[in-house]
1. In the structure shown, do any of A:99/B:165; B:77/B:190; B:37/B:96 have a Cα-Cα gap over 24 Å, and if so which?
2. Below 9 angstrom from the Cβ of residue A:125, what's the summed charge of the other residues (Lys, Arg +1; Asp, Glu -1)?
3. Quick check: net charge around residue B:215, other residues with Cβ under 12 Å of its Cβ, Lys/Arg +1 and Asp/Glu -1?
4. Give the separation of the Cα centroids, the range B:125-140 to the range B:24-57, in Å.
5. Kyte-Doolittle cut-off 0.0, length cut-off 30 Å along the helix's own axis using Cα: show which whole DSSP H helices in chain B pass.
6. Which of B:188, B:202, B:85 moves most in a GNM of chain B, Cα contacts under 10 Å?
7. Return one number: the angle in degrees, 0 to 90 and rounded to the nearest 10, between the long axis of the Cα atoms of helix A:184-201 and the longest principal axis of the Cα atoms of chain A.
8. Suppose R0 equals 41 Å; then what is the FRET efficiency for residue B:66 and residue A:6 from their Cβ-Cβ distance, rounded to the nearest 0.05?
Amino acid sequence: MAEKISYKSVFFNPLSKDNPVVVQILGICSALAVTAKLEPAIVMGLSVIAVLAFSNVIISLIRNTIPTNIRIIVQLVVVAGLVVIVNQLLLAYAYDVSKQLSVFIGLIITNCILMGRLEAFAMSNRPWPSFLDGVGNGLGYTIILVIVAFFRELLGSGTLFGCQVMPQWLYNHGYENNGLMILPPMALIVVACIIWVQRSYNKDLQDK
Amino acid sequence: MNKQSSTYTIIYIIVLVVVVGAALAWVATALKPEQTKNANADKMKQILAAVHCAPANNTLVAETFDSRIKGIVIDEKGDIVDNAVAFDVNVADQSKEADTAKRLLPVYIYSDDETGTKYILPLYGQGLWGPIWGYIALDSDGSTVYGAYFSHQGETPGLGAEIEKPEFQERFVNKELFKDGEFLPVTVVKAGQRPQGNEDYVDGISGGTITSKGVASMLDNCLAPYKNYLEKLTNNND
């Protein structure tokens, strides 16, 4: 790489200006599936951060040895290996959460953010910036997941992290949990609202 | 060295796969004991849930389970099968065995001073999207339902998934499996309807019809082979 890349922008851009979920619209499928409650959303976010950071570093380390015509396969093998390890760790140390996440940890393999970052960044950058890029993008993904899960759990179940936060008197006055919030379509709508809010703040992102 | 040659590519991918494979094998072996412990604790938790018993953590679960539950395996005639451990019987496989005479039937006998003796029977069936399973606890008369626990893999949240909620499970309490001496497992029907037969029934879940039917056929299929055993319990009590 001839041009000097700024570590700061590599890390912070994905958090907002170049967010993988709401700007690049990648990884939407899992964002819809695991955001009915905060706890699984956070564990999912942490898993993606771990897989993304380490696969970025590994691919970056071996980037000059990878034969170009099988590079996608090499990336997939590395990602799949890491995902299985994360899944095994969850089964051993966070069994209840891993039961809730069920197949979605395995589906990290197909998360477009991973392939996107490996192809676009790790294949052409040194390990340290690749690591920052992985953590940054993972965090960008996690932030959106947590925001979506916050609203869905609060309005859908009246709880946060499984604790009741909606006061009982509200229910006594006829308030009801919004069952629709639990279902996947509402995740899509909440994500759309976040995109809307973000684009009205960030004029650069608006389509001309 | 030519990195685009076929030889290089093939050797590269072989080395990569061996390295990744070895790493995975090592991780899986290293974590196996911990995972088995979790899976077992989870199963114990579910069994205890059928008798409304919810210990706070995994250590307590194992202690409670070991001290209060005795597992036996019976056959269709109601006789005890000696060389089988109830906890290790795979209920999913057994419930698919069409010939009920060949099935191994685990019974978990729970007893403590307050609640007395309860018989917990495992259940396994199909919901709409995937497997559903559960445990049903019977009073010592072998007929009255003391408690029920259901869980599922991927039923629709808010609809079929409601079977794992206590509201649904509580509906089974105090239902009878024997009606006028006849063995009729509890069934699940649409709210407001009645079953055709004389059996006890509970209301199903609105919007979760297929899952509710799955629960009904799971109860039928899994409880039917216990008939002789439960009859013995009933007769002992009379």
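Bear in mind that the values in this text are calculations on the coordinates, not laboratory data. Note that the structure is a prediction, hence the values are computed from the model and not measured. For neighbour counting, all protein chains shown are included, and Cβ atoms are generated from backbone atoms with ideal geometry for every residue, glycine included.
1. Listed pairs above 24 Å: B:77/B:190; B:37/B:96.
2. On the way: positive: A:63, A:126; negative: A:133.
Spelling it out: positives minus negatives among the neighbours equals +1.
3. Numbers: positive: B:171, B:213; negative: B:155, B:162, B:164, B:203, B:220.
Result for the local shell: -3.
4. Comparing the Cα centres of the range B:125-140 and the range B:24-57, I get a distance of 19 Å.
5. On the way: long enough: B:6-49 (59 Å, 0.76).
Passing helices, by number: B:6-49.
6. B:85
7. Here the helix axis deviates by roughly 70 degrees.
8. Working: r = 60 Å, r/R0 = 1.45.
The computed FRET efficiency comes out at 0.10.
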